[in-house]
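The values are calculated or read from the model by the stated rules, or taken from the named source; none is laboratory data. Note that the structure is predicted; figures quoted are calculated from it, not measured. Counting neighbours? That spans all protein chains shown, and the Cβs are built from the backbone with ideal geometry, glycine included. Heavy atoms of the whole protein, side chains included, go into the accessibility calculation; ligands, DNA and RNA do not. Shrake-Rupley method; radii C 1.70, N 1.55, O 1.52, S 1.80 Å.
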Amino acid sequence: MQNLLPWVMLLAFCGLGCDGTPSDPSKAPIQLTVTNFGQTMFGVPFAVAKDKGFFKEVGIDVTGFVTSAGGGTTIRNALASEIPYGEVALSAAIAAIQQGVPLTIVHAGVVSVADQVWVTRKDDTSITTFADLKGKTLGYSSPQSVTDMITTMLLDQAKLTGQVQRRSTGTIAAGLTALRAGGVDMTYVNEPVWSQEKGNYRMVWDSSKVAPRVTATVGIVKKDYLKTNPDTIRAIIAARKKGVEYILRNPAESAAALAREYKIEVVHARGAIDNILSVNSVYWSGGRFDLEGMNVMLKGLQLTRAIEPGPFDWANVIDESYLPADERSK
């Protein structure tokens, strides 16, 4: 994990106006930080909320989104922005918290890996079960990523640890290139890319077969900003929740909004939404936390040795009070 500590001192200056007094950037046009926006399905509730005017309804003028490939970069982008909030990978949030970065987790984001499928070449029918991976090469994105954790858990569950070669391939495009060239026998693809590429490869299984419940992303906020601007954070969470609810009620209209924001064809956007909801109807949380799914992610981090084994005090870093009442656990 990238070291986040150098940002702690910088963050002490974020959120201040030029005269040193707290500013209220929610009144001005702003961009929100969302990990992998435009590349994965994590950002769809935000895309829909922007497209349908849900942010404006709660008094926030969101003009776009700051994104990155994830990890510590997204955390730094979020906490150094005008509104030091972002939906980030839970793994990155845990690492940041353990390094002393002053943040609070205020809502759950994506609580499933139903968007992630594992594929082989169309002419390769040698892999149909987990056991068939023995002696094969399995591609994943990067160390300490979700795909690293999923493949580690897969091999652990199937008692194949040490019997399958794993290769870090980087991006989805790079992984598919390696697959076509024979550098790996299987690799991952996320939606909405899968809906665009499904005719070219053979899907063997999706990640929810390995981990039915896993929290991939959460909303985080810089602690001191949260204390002075609670209503702004409540508004962001409420607008995102409306986006989630709209997707479930209106998948066709949501696909059109997704296509506009992600600049992809509507048919691929609709296919991605339908594919995810057919696997797991609870993919985007309205904000409610799934501690079981969060502990799965924690176990994955420990299996990949990203963090030391042992319990993690969720109660010390989660604050449910900013959630709508129907999204709280009590």
Name the single residue that is least open to solvent (accessible area, probe 1.4 Å) among those in region 198-232 being part of a helix (DSSP H, G or I) and without any contact (Cβ under 8 Å) to a residue 24 or more places away in the chain. D231
Residue among L258, L298 that alone is assigned to a helix (DSSP H, G or I), touching a Phe, Trp or Tyr at 6+ places or on another chain (Cβ under 7 Å) and either open to solvent by less than 40 Å² (accessible area, probe 1.4 Å) or modelled with pLDDT of 95 or more (or both): L298
State which residue pairs qualify: first residue in contact (Cβ under 8 Å) with a residue 24 or more places away in the chain and inside region 161-178, second residue among the acidic types (D, E) and open to solvent by less than 80 Å² (accessible area, probe 1.4 Å) in any location, beta carbons under 8 Å apart, and separation of 6 or more residues or different chains. S168/D148; L176/E197
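Could you please find all residues in region 307-330 being among the aliphatic types (A, V, I, L, M), under 19 Å from G287 (Cβ atoms) and surrounded by 10 or more Cβ atoms within 10 Å (Cβ to Cβ)?
Quick first cut of region 307-330, residues among the aliphatic types (A, V, I, L, M) only: 307, 315, 317-318, 323, 325.
If we keep only those that are under 19 Å from G287 (Cβ atoms) as well, we get 315, 317-318, 323, 325.
V317, I318, L323, listed by residue number.
For region 141-170, enumerate the residues that are polar (S, T, N, Q), open to solvent by 30 Å² or more (accessible area, probe 1.4 Å) and farther than 16 Å from W205 by Cβ.
So the first thing to find is which residues in region 141-170 are polar (S, T, N, Q), and the list is 141-142, 144-145, 147, 151-152, 157, 161, 163, 165, 168-169.
With the extra rule that they be open to solvent by 30 Å² or more (accessible area, probe 1.4 Å), the set shrinks to 142, 144, 157, 161, 163, 165, 168.
Within region 141-170, S142, Q144, T161, Q163, Q165, S168 qualify.
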Any residue that is out of contact with any helix residue (DSSP H, G or I) (no Cβ under 6 Å at 6 or more places or on another chain), surrounded by 15 or more Cβ atoms within 10 Å (Cβ to Cβ) and under 24 Å from D326 (Cα atoms) - is there at least one of those in region 178-188? no
Please count how many residues of region 163-176 are closer than 23 Å to N275 by Cβ and either among the β-branched types (V, I, T) or in contact with an Asp or Glu (Cβ under 9 Å, 6 or more places away or on another chain) (or both). 4
Please verify whether region 264-277 includes one or more residues that are basic (K, R), crowded, with 16+ Cβ neighbours inside 10 Å and either over 18 Å from the mean Cα position of the chain (by Cα) or assigned to a helix (DSSP H, G or I) (or both). yes
Can A173 be described as assigned to a helix (DSSP H, G or I), out of contact with any Cys (no Cβ under 7 Å at 6 or more places or on another chain) and aliphatic (A, V, I, L, M)? yes
Taking interchain pairs and intrachain pairs at least six residues apart, which have beta carbon atoms under 9 angstrom, with the first residue in region 146-158 and closer than 18 Å to T171 by Cα and without any contact (Cβ under 8 Å) to a residue 24 or more places away in the chain and the second among the hydroxyl-bearing types (S, T, Y) and surrounded by 21 or more Cβ atoms within 10 Å (Cβ to Cβ)? T151/Y140; T151/Y188
